[in-house]
Amino acid sequence: MSKVGLVLGGGGITGAAYHFGALFSLRMATGWDPDDAEVVIGTSSGSFVAAVVRGGELSLHTLVGDAHDRHQMAADMGDSLFRRARPGGVVRWMRSGLRPRLARPDLNIALGSPAVYSTDGIVEWVENAVGDLADSWPDKPTVVVGYDIRERERVPFGTDAAPDVALKHAVAASSAVPLVFEPVDIDGVMYADGGLASGTNADLVLGSPEPLDLVIVIAPLAAAQTRRGARFYEGIFDRAGRSALAGEVEMIRDSWPDTDVLVFRPDDRVLEATRPNPFSVRAAIPAFLRTLRSFRDELSEPEVWQVLERHLGVTDAVA
């Protein structure tokens, strides 16, 4: 059996929907269970999906809940995830974000700044999705990437390089997008979205004790090209995502020359649903459905299918 690494990049709510569609497609096409991955790396919304994978809850119910239609689902998801932040953010920002940066001001001065929403809803979302696992950590290798605001460095929760923390708090920290969600305080250290270091952090698979046979990277914010009619910031995020991911893939291939690397990213059809607002709860279901259609074509590409067939096998239904 091939050893597989799974990398789930950031991308907001629509990025999580893209992950669900991508993983559903891979599972249906090959019979491979994503939880069989030797290691799962999750960043930002990808960290929530990583928790779902390790919790054995990769299902439609996890995505849509008890809603009877997509409008109710959007309302329920919005009410659950977007909880108004409590007062006091300015003082915290001045202490942990603003003051250390006054000597060398740059764009990072916004880190830790007051935000509209708390991460309480994210914590509860993880609890509802994976139950008791939210208060502990998966038995299988799992890395959730956060970002230490004061030290300006990524923190790979789930490894020896990071403090022990409950899965739900690691996911909240990894998902704390600046200016949208408040940073997360863990033992006096303020953490923000792991995507501040990289949208994918794929190079962390190199922490595996042995080389992997296949690394699957799902990167919602590293589109191959900017969609037509895109907002100016979409191109900025995609270029940054592509650049970081290219460097990470090069590191993997240099270190493990015999390892296959497959990168999946949204095409124009998917981008029309996932953009321009990755936090749109209304776009989650359209993004999921478009991803299923997109992967039907993408997985049928010979250069992709041959790699999957070699490492993941094929279900009897597909064969």
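Of note:
- Under 17 Å from the residue 159 label point (7 Å along Cα→beta-carbon), backbone N, region 244-273: 244-256
- Global form of region 165-319, assessed from the alpha-carbon gyration tensor, a/c cut-off 1.5: oblate
- Judged by the mean number of other Cβ atoms found within 10 Å, the most tightly packed of the peptides 66-77, 28-39, 191-202 leads the ranking 191-202, 28-39, 66-77.
- All other residues whose Cβ lies under 15 angstrom from that of residue 264 are scored, Lys and Arg at +1 and Asp and Glu at -1, for a net of -2.
- Potential extension, residue 61-residue 255 segment - 0.36 nm per residue separation minus Cα distance: 65.9 nm
- A straight line joining the Cα centroids of region 186-227 and region 57-87 runs 25 Å.
- The H on the amide N of residue 264, modeled in the peptide plane, is under 5 Å from the matching H of 217, 218, 219, each at least 5 residues off or on a different chain.
- For the chain, averaging the sequence separation of C-alpha pairs within contact (under 8 Å, six or more residues apart) and dividing by the residue count gives a relative contact order of 26 percent.
- Subtracting the Cα-Cα distance of residue 85 and residue 232 from 0.36 nm times their residue separation leaves 50.1 nm of extension gain.
- For residue 306 and residue 185, a Förster radius of 51 Å and the Cβ-Cβ distance give a FRET efficiency of 0.60, rounded to the nearest 0.05.
- Estimated FRET transfer efficiency (residue 297, residue 136; beta-carbon r; R0 51 Å; 0.05): 0.80
- With the highest mean first, a sort of the peptides 299-310, 54-65 on other beta-carbon atoms found within 10 angstrom per residue produces 54-65, 299-310.
Bear in mind these aren't lab numbers, they're just calculated from the coordinates by the rules spelled out. Keep in mind it's a predicted model, so treat the numbers as computed, not measured. All Cβ positions, even for glycine, are placed from backbone atoms using ideal geometry, and neighbour counts span all protein chains on display.
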